[in-house]
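Asker: Input: one structure, supplied below.
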Amino acid sequence: MPRYTEEQIARANETDLVSFLRARGEKLKKSGKEYRWMKHDSLTVNYNEWYRFSGSKGGHPIDFLMEFGGLDTPQQAIKWLLDFKGTPTDIKYARDSVADMSNERKERNHNMILPPKNGNYRRLFAYLIQTRGLSPDVVSYFVQHKLIYEDAVHHNIVYCGYDPQGNIRYAGLRGTADLYGKKFKMDVLGNDKNYGVNIVNPGNHTLLVFEAVIDCMSYIDMYKDYDSNKLILGMVEDTPLVQFLKDYNHIDTIHFCLDNDEAAHKALYGKKDESGNAISQGLVKKYEDQGFITDVIIPPSGKDFNEALLIQKKQQVETINNKTYGGR
């Protein structure tokens, strides 16, 4: 497969999707600052951003073509977009056979196109510290261990998950600003969902499991726990946990630190029918049956550990103000 430079990838992802769709005869309807694509009326586009409400999914031009353009690889999408922008490449694609396409998809996880790194991480630090309430120490820890970085094109935070050989196998994106009132989240194309963002300490036998990176960072900030192993699932399904335990055999205790909501409760304790009978096994019992010591750590307040951290910080400020101004 062809390899593109970071500049070419960035240029492809700067394509105006409104112009791109109109050039292909697609009908768009103006809706405030954005446009609705009439073929998929739950999907909106605004310059080089798209978002589909029905699937709570969005992104940029490369993944747009992967999702809706019938293309099979990020490289094909990049070629289409560069051709449209008037910077055609000399790479020509033949339609692959079904067998070749299948093999190509299997190999795609080893050919992730990671967003280029920004020259500085100002927006990353500003968002995580000012908006999410995290301390500079925790943010610096994640940056120094190459678990997060700021992308150069859209200034999203890129979360990186590694395999035991140090290869990035999973990467997710989180916007540093809410777009049109929506929180931007998505996976980088070609990532392997068997992996999650992880922190491994062979000298410690306890693993803490989180849904989101920011919740893990918040937990570390609240409890100053830099010692235990950490795994971020990016969901409530345990596929990355299965892989982690295959890769690392030093774990004997698992603490589940998921959100305090219905989806997490069902994942932890299983689903029940109207009569209260179990119809599916939860994660706590599943891993207990495998011989692990299991436990659930609930956020002390709020829906998740980041909400708990923000509440804690607010209470600390109020306490200081009361002491300083006598409660006035």
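The values are calculated or read from the model by the stated rules, or taken from the named source; none is laboratory data. Please read all numbers here as calculations on a predicted model, not as lab measurements. Don't worry about glycine lacking a Cβ; one is built from the backbone with ideal geometry, like all the others, and counts go over all protein chains shown. Each accessible area value is taken on the protein alone, full model and side chains, heavy atoms only, with ligands, DNA and RNA left out. Shrake-Rupley method; radii C 1.70, N 1.55, O 1.52, S 1.80 Å.
Asker: I'd like to verify a number: residues in region 127-154 that are over 18 Å from residue 229 (Cα atoms), part of a loop (DSSP other than H, G, I, E, B) and either in contact with a helix residue (DSSP H, G or I) (Cβ under 8 Å, 6 or more places away or on another chain) or free of Cβ contacts under 8 Å to residues at least 60 places away in the same chain (or both), how many?
Answerer: Matching residues across region 127-154 total 6.
Asker: Could you check region 31-54 and list, in sequence order, the residues that are open to solvent by 50 Å² or more (accessible area, probe 1.4 Å) and not polar (S, T, N, Q)? Spell out how you get there, then give the answer.
Answerer: Initial filter on region 31-54 (open to solvent by 50 Å² or more (accessible area, probe 1.4 Å)): 32-33, 36, 38-39, 41, 47, 52-54.
Listed by number, the residues that qualify are 32, 33, 36, 38, 39, 41, 47, 52, 53.
Asker: I would also like to ask the following. Considering only region 219-316, give the strands (runs of 3 or more DSSP E) lying wholly within it that have at least 3 residues that are touching a Phe, Trp or Tyr at 6+ places or on another chain (Cβ under 8 Å) and closer than 30 Å to residue 168 by Cα. Reasoning before the result, please.
Answerer: Working: elements: 229-232, 253-256, 293-296.
Where strands (runs of 3 or more DSSP E) fall fully within region 219-316 and carry at least 3 residues being touching a Phe, Trp or Tyr at 6+ places or on another chain (Cβ under 8 Å) and closer than 30 Å to residue 168 by Cα, they are 229-232, 293-296.
Asker: I would also like to ask the following. Could you check, for region 99-121, whether at least one of its residues is modelled with pLDDT of 80 or more, crowded, with 17+ Cβ neighbours inside 10 Å and of a type in the set (S, T, N, Q)?
Answerer: For region 99-121, residues modelled with pLDDT of 80 or more, crowded, with 17+ Cβ neighbours inside 10 Å and of a type in the set (S, T, N, Q): present.
Asker: Report, by residue number, each residue of region 220-274 that is buried (at least 16 other Cβ atoms within 10 Å of the Cβ), of a type outside the set (A, V, I, L, M) and out of contact with any strand residue (DSSP E or B) (no Cβ under 7 Å at 6 or more places or on another chain).
Answerer: 221, 238, 243, 248, 259, 260, 265, 269
Asker: When you go through (1) among the aliphatic types (A, V, I, L, M); (2) open to solvent by 10 Å² or more (accessible area, probe 1.4 Å); (3) modelled with pLDDT of 80 or more one by one for residue 82, which number turns out not to apply?
Answerer: Tallying (1) among the aliphatic types (A, V, I, L, M); (2) open to solvent by 10 Å² or more (accessible area, probe 1.4 Å); (3) modelled with pLDDT of 80 or more, residue 82 fails exactly one: (2).
Asker: Restricting the first residue to region 245-259 and requiring it to be in contact (Cβ under 8 Å) with a residue 60 or more places away in the chain, which pairs with a second residue that is open to solvent by 30 Å² or more (accessible area, probe 1.4 Å) meet a Cβ separation below 8 Å and a spacing of at least six or different chains?
Answerer: Close Cβ pairs (under 8 Å, with a partner that is open to solvent by 30 Å² or more (accessible area, probe 1.4 Å)) amount to 247/164; 248/164; 248/200; 248/202.
Asker: Another question about this same structure. When both residues are 6+ apart or on different chains and their Cβ atoms are under 9 Å apart, which pairs have a first residue that lies in region 188-209 and is at negative phi and open to solvent by 40 Å² or more (accessible area, probe 1.4 Å), and a second that is modelled with pLDDT of 90 or more and of a type in the set (Val, Ile, Thr)?
Answerer: Here the result reads 193/239; 194/239; 194/242; 205/251; 205/253, each pair linking region 188-209 to a residue that is modelled with pLDDT of 90 or more and of a type in the set (Val, Ile, Thr).
Asker: In a strand (DSSP E or B) and either modelled with pLDDT of 95 or more or within 21 Å of residue 147 (Cα to Cα) (or both): which single residue out of 194, 198 fits that description? Outline the logic, then answer.
Answerer: Working: 194 fails: in a strand (DSSP E or B).
That would be 198, the only listed residue that is in a strand (DSSP E or B) and either modelled with pLDDT of 95 or more or within 21 Å of residue 147 (Cα to Cα) (or both).
Asker: For region 121-155, give me the residue count where each residue is among the acidic types (Asp, Glu) and closer than 21 Å to residue 305 by Cα. Give the derivation first.
Answerer: Start the filter on region 121-155 by keeping residues that are among the acidic types (Asp, Glu), which leaves 137, 150-151.
From what's left, closer than 21 Å to residue 305 by Cα: 137.
Qualifying residue count, region 121-155: 1.
Asker: While we're here: Filter region 302-325 for residues that are without any contact (Cβ under 8 Å) to a residue 60 or more places away in the chain and surrounded by 15 or more Cβ atoms within 10 Å (Cβ to Cβ) and give the result. Before the answer, list the steps.
Answerer: Step one: of region 302-325, the residues without any contact (Cβ under 8 Å) to a residue 60 or more places away in the chain are 302-303, 307, 311, 314-325.
Selection gives 302, 307, 311.
Asker: Okay, moving on. Which condition breaks for residue 28 when tested against (1) at pLDDT 80 or above; (2) open to solvent by 40 Å² or more (accessible area, probe 1.4 Å)?
Answerer: (2)
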